[in-house]
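Report on the following structure.
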Amino acid sequence: MSQPTSANTPDLPAIASDQIDINPDLGLTEAEVADRKRRGDINVVVMRSSRTYKDIFQENVFTLFNVTFGVVLILLMILGQITDAIFSGFSVFMNILVGVTQEIQAKMTLDKLALLSVQKVKVRRDGQSQEIPVGEVVRDDLIELNPGDRAPVDGAVLISQNVEMDESLLTGESDPVAKQLDDIVLSGSFCLAGSCVFRADKIGNESYAVKLSQSSRVYKRVFTPLQKKIDILVEIFILVLIVAAFLHIASSLNSGRTMVDTIRYASVIINSFVPAGLVLSISVAFAIGAVEISKRRTLIQKINAVDSMNSVRILCTDKTGTLTQNKLVVKSIIPLGDTDEDSLRELIALYTNLMGTQNSSAKAMAAYTDQPRSLAKFVSEVPFSSSRKWGAIVIDIGTTIMVGAPEILFTSSEMQEEAKQYARQGLRAIAVVTSEEGIDTSEKNPALPNNRRDRGIVLLEDSLRPDVIETIAELQNQNIRLKVISGDSVETVTSIARQAGIAVPADAVFTQKTLEAMDNATFSRSAAYGSVFGRITPDMKRRLISAMVKRGGYVGMVGDGVNDVPAFKEAQLAIAMNDGAQISKDVADIVLLDNNLSALPQAFSAGDDIKQKILSSALLYLTKNIMVILTISFVGFVQLPFPIEPRHMTIITMAVVGFPTIWIAFGWLKPRRLENFLRDVLGYSSLAGIFGAIAMTIGYVMSYYFSGWALLKVPNGSAMINSDAFQDIARGQAQCVSTLIGTIFCLFVFWSLTDISIWKIKTFFKNLTASILGIVSVGLSIVLMLGFPAFFQVEVPDQFGWTMIIFLPTSCYYVLRMLQSSKLLRHLPRYLSQP
C-alpha cells in the first residue's frame, strides 16, 4: 500500500488484514449494517458548532483571576470573615452564573441549527448509492468521494478514478496526493479531483484525524481587533496589580495592619485591578450575538466571529454560487474551423459522459448534448481541477478530448480573443480541443500535447442571484469594499461584478498571468487596489487574501468550493454557503444556511450592535476600576485608613456596572454609539475615572477629618470617645460618603452613555427606561447601606457628609463634561501619539 510520506505526518494507522470481502458495486446489506450497529461499530461524531459544556464551565470558572481571587476568599473564610468573603465574591459569582447560563443557552440554539449543516456522506448499500449523516457510517461501509467531499474516516481505496486528495489540513503540504487501489484515504483529507470508493476501516476515535488532534492538542485561537485591545488592557492591569500587591503588603507591615484586614483589602485591590466582569461580559455578548445572528439563518461556528463581522472592511467573494445562482445552462455551442455543430456536440457528449465526476459546467454540457452516439470507450482521464484549468479524456480511437480555459487550450490567438469577446458579455466561455497525441495520466502534472486542434467554444450562462444587487449596495453602505476573485475569465468576472453593482475601474482588473509577473511590492499594492481578479488558481487566491491582510485590511472571504479553502485559511472571517463543498463548510467561521448572500448585511449589522454592547460594558468597567484604584492610591498618600471595604465594592460594582451591562447585553437599553476604542472608551473612562477618584478622595478625606473634629466636641458621658472608637466612627462615615459619591458619579457616567444629561430634564423622559433603571438600582443600594449600617460597616453621614455626596460627584462630572465638550477626547489619540 502506498501512503503519504510527509515529514509532518506521524505513523499512519494500520489497516486490519482480516477485512471481509465486500463487493465494491454492492456494499453492505441492511442486515450487515444492523449487525455492526449492535456491536457498536458506528462512527461517533462530535458536533463542531460550539464548545462542550465542560469547556464552557472551565473557561468561565477556572480563569487566572477567579483562581487567585478564590484563594483570597478561602483565606477570608478561614479567618472567620464569612460575610466579607460572600460580598467580595458575589459580583464574580454573578458574572460566572450569567456567563455560563448564556453560553449554554447559545450552545443549545446553535447545536440545533448545526444539524442543518451536518456533514453527509454517500455510501453504497445493497447496490444503491444513498446519502446518510456521517454519524451513521458503520465499519466496512463503502464511501463514495467526489470533488469537495471530505473523508470522514480512514480506509483503503477499492475503486479509483484518478482521484487526487488534499491532505494539507493534516500534513501542511499543499501538493495533491494521487490515490491508487489499496492506498489509504485519511480522515480530514478532501477530494480535489477525480473520484473514488473506499472502505471505512478506522472509524470514530480510531481515525487518523481524531488521533492527530488528540496527540497534538493544538488549539489556535484567533483574536479579533477588539479582543486584542481588551486583552492588552487586562495584561496591563495585571502587571500593575503585581506592583500594587507588593506595595499593599509593605504598607500593611509598616502600619501594623492585622492579617484579616490585609486579606480583606487585598480582595478589594484584586477586584479593582482585574476587570474580570468585562471579560465575561464579552463572552456573554458574543453568545447572545451568535443566537441573534442565527435567527437570520446564519450559523456561527466560531463564537468570536460575531465581532469579526463588525471588523470586516474588505469582503472577497467568488463569482459562481455567490454572486450568481450556480445554475449553469448552455446558451450555445460555436464550432471552429472545419468542425460542424454535430461533431462538436458529439465531442462534448463523449467528454461529459466518460469523465469520472461531473462538475456544474460538465452537468450543464451533458444536459445539453445528451448521450453520445459513438461507441468509443474510455481509456484514461486527467480530472479537471481549479489549478490546471483543464481536464482531458483519452478514448480508445486514439483521440484525446480536452475541455477548459480558452487562453490555456486554444493555440490560436484569434480564437482566444473571440472567447474573450463572449466573456465580456458575462458568459462563461469553455474551449473544446482535441489531439491525436495521448497524455500520460500517471504523471503528477500531466502536460498538454503540442499539436492541439481547436474544435469549438461552449457558452454557459449563469444569472445573478435575485437579491444580489440590493445586497451589494447594503454592504457598500456599511463601508465594506467588495472584491471578486474567480477562476473564470477576467472578462466574464468583470461583467458579472459590474452587473451586481460593484465599481470596477479599468485599471483594477488583474489576471493570474499579470500577478505572477509582479514583484512582491507591486503584487501587494495590486491586491489592495484591485477589484476583480480573473483566472485565479486556489493558491493565487490564498496569496491575494494574505497580501490584503498583511497590508492591514480586515478581510472576509465568501465561497462555496474546494478552491476557496486555501483562501479561507488566510482570511480573518471565512463565510461558506451551505450547499457548497463540505470541506469549505468545515473550515468556515460562518455558514449561510439558506445559501443567501442577502443574510450578510443584516448579520454584519448585528455584529456592529454586539460591538457597541461590548464597548459600552468596557467603558463602565474601566471607569469604575480606574476610579477605585486611584482613590485607594490617593488616600494612601495621606496615610489614612483604607477607603473601601469589600462590601462597599460590591455595592458600586453591582449598582452601576453589573446591572447596567446586563441591561445593555440583553438589549433592554441602547447606548450611544462609540466609534473609537482609544478615544471613546479608554480615553473617556480614564478621564472619568480620574475625576471620580478626585470626588471620592475629597469626600473621604474631608468627611474623615470633619467627623473627627465633630466627635472631639461631643462628650460621651464623663469621658471623651477613645481614639479607637473615634477612628472607627470617622472611617465608617468617610467610607459611606466616599462609596455613595463613587456610586452617584458612575450613575452619571451610565446615564451619559444612554444620552441622558443631568442638566437637561427632557433627556430623562426621552430615555425613560435608563432613567428609571438607574434611579432604582442606585436608590436600592443607598437604602441597603443606610438601612443596615452595621452590616455594611458604615456610619450614616451627617449634614456635611450629605452636602459632599450631592456636590462633589455633580461638580466633578460637570468638569468632565466641560472637557469633553472642548473636544479634548476627540484629539486624545493624536496627543498620545506625539513624541
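The values are calculated or read from the model by the stated rules, or taken from the named source; none is laboratory data. Remember, it's a predicted structure, so these values are computed and weren't measured experimentally. Because the Cβ atoms are built from the backbone with ideal geometry, glycine has one as well, and the counts that use them run over all protein chains shown. Ligands, DNA and RNA are excluded from the accessible area calculation, which covers all protein heavy atoms including side chains. Shrake-Rupley method; radii C 1.70, N 1.55, O 1.52, S 1.80 Å.
Return the only residue of Ile502, Ile469 being of a type in the set (A, V, I, L, M, F, W, C) and open to solvent by 70 Å² or more (accessible area, probe 1.4 Å). Reasoning before the result, please.
On the way: Ile502 fails: open to solvent by 70 Å² or more (accessible area, probe 1.4 Å).
Answer to the check: Ile469.
Taking the listed residues Ile651, Ile662, Ile626, Ile632, the one that is within 22 Å of Ser294 (Cα to Cα) and assigned to a helix (DSSP H, G or I) is Ile662, with no other qualifying. State all residues of the stretch 126-149 that are over 34 Å from the mean Cα position of the chain (by Cα), open to solvent by 50 Å² or more (accessible area, probe 1.4 Å) and acidic (Asp, Glu); if no residue qualifies, say none. Result: Asp126, single match.
Restricting attention to the stretch 611-660 and to residues that are β-branched (Val, Ile, Thr) and under 23 Å from Gly256 (Cβ atoms), the residue that is most open to solvent (accessible area, probe 1.4 Å) turns out to be Val638.
Residues that are open to solvent by less than 10 Å² (accessible area, probe 1.4 Å), closer than 20 Å to Gly559 by Cα and without any contact (Cβ under 8 Å) to a residue 40 or more places away in the chain are absent from the stretch 433-452 altogether.
With a cut-off of at least 3 residues that are more than 30 Å from Val433 (Cα to Cα), name the helices (runs of 4 or more DSSP H) lying wholly within the stretch 453-566.
Values: elements: 468-477, 490-500, 512-516, 520-529, 538-550.
Filter on the stretch 453-566 gives 468-477, 490-500, 520-529, 538-550.
Considering Ala392, Ala419, the condition of being among the hydrophobic types (A, V, I, L, M, F, W, C) and under 22 Å from Gly561 (Cα atoms) is satisfied by Ala392 alone.
Of note, Ala285 satisfies the criterion of being open to solvent by less than 30 Å² (accessible area, probe 1.4 Å), touching a helix residue (DSSP H, G or I) at 6+ places or on another chain (Cβ under 6 Å) and at pLDDT 75 or above. All of (1) at pLDDT 90 or above; (2) in contact with a strand residue (DSSP E or B) (Cβ under 8 Å, 6 or more places away or on another chain) hold for Thr471 with one exception: (2).
Considering Asp201, Asp231, the condition of being modelled with pLDDT under 80, among the acidic types (Asp, Glu) and surrounded by fewer than 22 Cβ atoms within 10 Å (Cβ to Cβ) is satisfied by Asp231 alone. In the set Ala366, Ala362, only one residue is touching a helix residue (DSSP H, G or I) at 6+ places or on another chain (Cβ under 6 Å), of a type in the set (A, V, I, L, M, F, W, C), buried (at least 20 other Cβ atoms within 10 Å of the Cβ) and over 21 Å from Thr511 (Cα atoms); that residue is Ala362.
Per this entry, Ile775 is not counted among residues that are open to solvent by less than 50 Å² (accessible area, probe 1.4 Å) and aliphatic (A, V, I, L, M). Being small (Gly, Ala, Ser) and within 26 Å of the chain's Cα centre (by Cα) is true for just one of Ala447, Ala527. Which residue is that? Criteria check complete, one pass: Ala527. Annotation note: of Ile397, Ile393, the sole residue that is open to solvent by 20 Å² or more (accessible area, probe 1.4 Å) and β-branched (Val, Ile, Thr) is Ile397.
Inspect the stretch 745-755 for any residue being touching a residue at least 60 places away in the same chain (Cβ under 8 Å), within 39 Å of the chain's Cα centre (by Cα) and not in a helix (DSSP H, G or I) and give the result as yes or no. Within the stretch 745-755, one or more residues are touching a residue at least 60 places away in the same chain (Cβ under 8 Å), within 39 Å of the chain's Cα centre (by Cα) and not in a helix (DSSP H, G or I).
So that you can scan it fast, the table gives a plain yes or no per residue for (1) open to solvent by 30 Å² or more (accessible area, probe 1.4 Å); (2) within 17 Å of Ala419 (Cβ to Cβ):
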position: Cys316; (1), (2): no, no
position: Thr320; (1), (2): no, no
position: Asn326; (1), (2): yes, no
position: Val330; (1), (2): no, yes
position: Gly337; (1), (2): yes, yes
position: Leu344; (1), (2): no, yes
position: Ile348; (1), (2): no, yes
position: Asn353; (1), (2): yes, no
